[in-house]
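Comments concern the structure below.
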Ligand SMILES: [Zn+2]
């Protein structure tokens with residue numbers, strides 16, 4: 001198998017304390033050997049083994065590819081006007097998610113596929129090598145299954161989110177919509193999905209409805225994750241922990257019991273600062289979660305309505321500025337934290353045996369991701385051992 005030696009790495013984040021200093025397992029003047037799609041060796045540059053190809057990092061920083069564990073990439077249409085009105089202090093009456101649902105239903109398979117491909121490429125250029133992708137803008141049996149079929153062409157991390165909002169056709173009978181989501185729609189979607197998700201929020205699905213959606217998914221072999229406690233306090237986080245969800249996402253409005261439950265569980269608190277940024281809402285308190293001992297992930301929530309960013313570096317910078325995270329904690333959350341939220345042990349770290357997903361920065365340290373916000377620092381990305389062009 002072909003081997004590549006990346007040497008002259010000024011500062012390397014391995015995310016394994018056994019390989020370097022601190023929780024990030026930091027090494028200076030380091031090297032990495034890639035073999036096929038895996039990491040074969042990590043250590044001091046002076047002791048690196050020979051390889052077929054040598055790449056000189058010239059003092060730049062390297063870190064694991066970002067793991068974006070929460071994104072909504074299968075959609076059509078545009079909500080620029082809604083964003084502009086919101087940011088200009090003007091009321092806007094169009095239907096939010098339902099606007100995107102109408103455009104998505106009307107789009108061709110090829111257009112939806114091209115949209116996902118474009119966003120995955122855009123994220124990759126910014127260092128994201130693993131991305132999760134949800135359905136949730138179809139809200140019919142056919143359109144949800146189509147969204148997941150398309151998503152599965154781009155990532156194995158596909159999530160059934162038929163319970164995003166109640167479909168407009170069921171506005172007067174939400175119970176019938178939950179029956180659809182837990183019945184025929186689930187049957188059509190389960191073959192293309194790894195995860196089941198629900199938007200547990202006032203105006204979307206209440207605790208009992210969310211429980212029905214998640215337990216139905218579990219019976220079909222899907223693993224739960226939950227949109228929880230975003231817009232107000234609700235039962236989402238407690239439900240996520242009770243059902244052993246991989247992740248409770250948003251976690252903006254938490255009481256002490258929610259924080260304690262997350263800290264005592266394997267459920268990751270996935271924070272999505274792009275959503276608060278784009279809606280001028282209060283940011284989640286990452287400091288409180290970290291101090292309590294919870295595992296925190298950072299993700300983009302990339303979607304056309306409330307967070308149209310694919311940039312993990314942007315989320316890192318905001319999390320450091322607004323959410324009480326140190327740069328080390330934010331970088332860890334955007335890599336190893338995301339991997340935990342997807343229950344993956346092969347991504348999110350750079351140690352022998354891990355996937356060869358590696359990012360080089362035009363900077364001497366990963367701290368520059370927060371220190372130099374908005375600057376395109378990602379200078380090279382390997383995904384599965386392949387240098388991306
Ligand atoms: Zn979301």
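The values are calculated or read from the model by the stated rules, or taken from the named source; none is laboratory data. Note that the structure is predicted; figures quoted are calculated from it, not measured. Neighbour counts run over all protein chains shown; Cβ positions are idealised from the backbone, glycine included.
Any chance segment 78-94 includes a residue that's buried (at least 17 other Cβ atoms within 10 Å of the Cβ) and within 23 Å of residue 154 (Cβ to Cβ)? The answer is yes; a qualifying residue exists. The single condition among (1) in contact with a helix residue (DSSP H, G or I) (Cβ under 9 Å, 6 or more places away or on another chain); (2) crowded, with 17+ Cβ neighbours inside 10 Å that residue 33 does not satisfy is (1). If the condition is being out of contact with any helix residue (DSSP H, G or I) (no Cβ under 7 Å at 6 or more places or on another chain) and part of a loop (DSSP other than H, G, I, E, B), then segment 346-371 contributes 346, 350, 351, 352, 353, 354, 356, 357, 362, 363, 364, 365. Take residue 139 and decide whether it is assigned to a helix (DSSP H, G or I), touching a strand residue (DSSP E or B) at 6+ places or on another chain (Cβ under 9 Å) and surrounded by 18 or more Cβ atoms within 10 Å (Cβ to Cβ). The answer is no for residue 139. Would it be correct to say that residue 246 is more than 18 Å from residue 136 (Cα to Cα), within 16 Å of the ligand (Cβ to nearest atom) and within 17 Å of the chain's Cα centre (by Cα)? So residue 246 fits the description; yes. Among all residues of segment 317-329, there is none that is buried (at least 24 other Cβ atoms within 10 Å of the Cβ), at pLDDT 95 or above and within 30 Å of residue 36 (Cα to Cα). Among the residues of segment 211-225, those identified as crowded, with 19+ Cβ neighbours inside 10 Å and within 22 Å of residue 339 (Cα to Cα) are 214, 217, 222, 223, 224, 225. Is there a residue in segment 319-333 that is over 30 Å from residue 44 (Cα atoms), in contact with a helix residue (DSSP H, G or I) (Cβ under 9 Å, 6 or more places away or on another chain) and assigned by TED's automatic domain parsing to the domain that holds residue 29? Scanning segment 319-333 turns up no residue that is over 30 Å from residue 44 (Cα atoms), in contact with a helix residue (DSSP H, G or I) (Cβ under 9 Å, 6 or more places away or on another chain) and assigned by TED's automatic domain parsing to the domain that holds residue 29. For residue 156, the conditions (1) touching a strand residue (DSSP E or B) at 6+ places or on another chain (Cβ under 7 Å); (2) in a loop (DSSP other than H, G, I, E, B) all hold with the exception of (1).
Filtering segment 255-278 to residues that are surrounded by fewer than 23 Cβ atoms within 10 Å (Cβ to Cβ) and either out of contact with any strand residue (DSSP E or B) (no Cβ under 8 Å at 6 or more places or on another chain) or not assigned by TED's automatic domain parsing to the domain that holds residue 89 (or both) leaves 255, 256, 257, 259, 260, 261, 263, 264, 265, 266, 276. Candidates in segment 249-266 are the residues that are more than 16 Å from the ligand (Cβ to nearest atom) and outside any helix (DSSP H, G or I); of these, the one that is farthest from residue 163 (Cα to Cα) is 264.
The number of residues in segment 7-30 that are surrounded by 19 or more Cβ atoms within 10 Å (Cβ to Cβ) and either assigned by TED's automatic domain parsing to the domain that holds residue 129 or under 24 Å from the mean Cα position of the chain (by Cα) (or both) comes to 7. Within segment 63-85, being under 14 Å from the mean Cα position of the chain (by Cα) and farther than 30 Å from residue 7 by Cα holds for 70, 71, 72, 73. Every test in (1) away from the ligand (no atom under 16 Å from the Cβ); (2) touching a residue at least 40 places away in the same chain (Cβ under 8 Å); (3) in contact with a strand residue (DSSP E or B) (Cβ under 6 Å, 6 or more places away or on another chain) is passed by residue 294 save one, and that test is (2). Against the conditions (1) within 16 Å of the ligand (Cβ to nearest atom); (2) over 21 Å from residue 199 (Cα atoms); (3) more than 13 Å from the chain's Cα centre (by Cα), residue 304 satisfies every one except (2).
Here is a yes/no grid of residues against (1) more than 19 Å from the chain's Cα centre (by Cα); (2) surrounded by fewer than 24 Cβ atoms within 10 Å (Cβ to Cβ); (3) part of a strand (DSSP E or B); (4) within 14 Å of the ligand (Cβ to nearest atom):
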position: 144; (1), (2), (3), (4): yes, no, no, no
position: 161; (1), (2), (3), (4): no, no, yes, yes
position: 188; (1), (2), (3), (4): yes, yes, no, no
position: 197; (1), (2), (3), (4): no, no, yes, yes
position: 202; (1), (2), (3), (4): yes, yes, no, no
position: 209; (1), (2), (3), (4): yes, yes, no, no
position: 227; (1), (2), (3), (4): no, no, yes, yes
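Each residue in segment 269-324 was checked for being part of a loop (DSSP other than H, G, I, E, B) and over 20 Å from residue 131 (Cα atoms), and 10 of them qualify. Taken together, 313, 327, 364, 373 contain a single residue that is more than 22 Å from residue 271 (Cα to Cα) and in contact (Cβ under 8 Å) with a residue 12 or more places away in the chain, which is 364.
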